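Asker: Starting off with a structure, shown below.
Values in this text are rule-based calculations from the coordinates and carry no lab data. Fair warning: this is a prediction, and the values are worked out from it, not measured in the lab. Here Cβ is always computed from backbone atoms with ideal geometry, including for glycine, and neighbour counts include all displayed protein chains.
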Amino acid sequence: MKTFRRCCLGLLLAPLLLALPACDRPEDAPPPADLLPKEKMVRLLADLHVLEAQVESSRLPPDSARALFLAQQKSLLWNREISDSTFRRSYRYYGIHGKDLSEIYSAIIDTLTQRQGKLAPAPAAPAPAVVPPAAGPPATPATPVK
């Protein structure tokens with residue numbers, strides 16, 4: 001009876017052990033054919049984060065804010081000639097590859113920091129010191145020479 005159980009267990013486990021190496025791990029997934037380059041993703045995601053901040057600061061009700069964000073996101077993608085599905089596939093691919101997504105978000109932080117620096121007002125230059133006129137008799141105008 002024990003040999004029969006071992007035999008059945010072996011027959012059940014053998015296909016699983018043979019099929020296991022054939023499964024793709026997420027890290028080994030091939031990139032989609034229309035994968036957006038990292039540089040393009042950085043610019044796009046930075047703009048989307050700015051857009052999200054603008055919508056959040058608009059003080060709209062949540063449903064209106066979501067509708068506004070989705071409309072603006074669609075417009076942004078359309079202006080850059082990127083389909084929604086291409087963006088989603090690319091984001092999903094980079095999300096599966098944590099190292100790539102980490103590099104992208106490091107670049108996004110740098111990009112947004114640079115943009116913030118450009119928008120911040122320049123520190124005011126110190127006002128020139130005003131020198132009071134010297135005390136003494138008033139200056140007389142020079143007589144014209146003929």
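Asker: Using label points projected 7 Å from each Cα along Cα→Cβ, tell me how many nm separate Thr86 and Gln72, to one decimal.
Answerer: So the two model labels end up 2.3 nm from each other.
Asker: In µm²/s, what is D for the stretch 36-118 at 25 °C and 0.890 mPa s, where D = kT/(6 pi eta Rh) by Stokes-Einstein and Rh is the Kirkwood radius from Cα pairs?
Answerer: 180
Asker: Projected onto the charge dipole of the stretch 36-118 (+1 at Lys/Arg Cβ, -1 at Asp/Glu Cβ, origin at the Cα centre), which of Ser85, Pro62, Ala46 gives the Cα projection farthest towards the positive end?
Answerer: Going by the Cα projections, it comes out as Ser85.
Asker: In addition: What FRET efficiency would be calculated for the residue pair Ala33, Thr113, taking the C-beta separation as r and a Förster radius of 30 Å, to the nearest 0.05?
Answerer: 0.35
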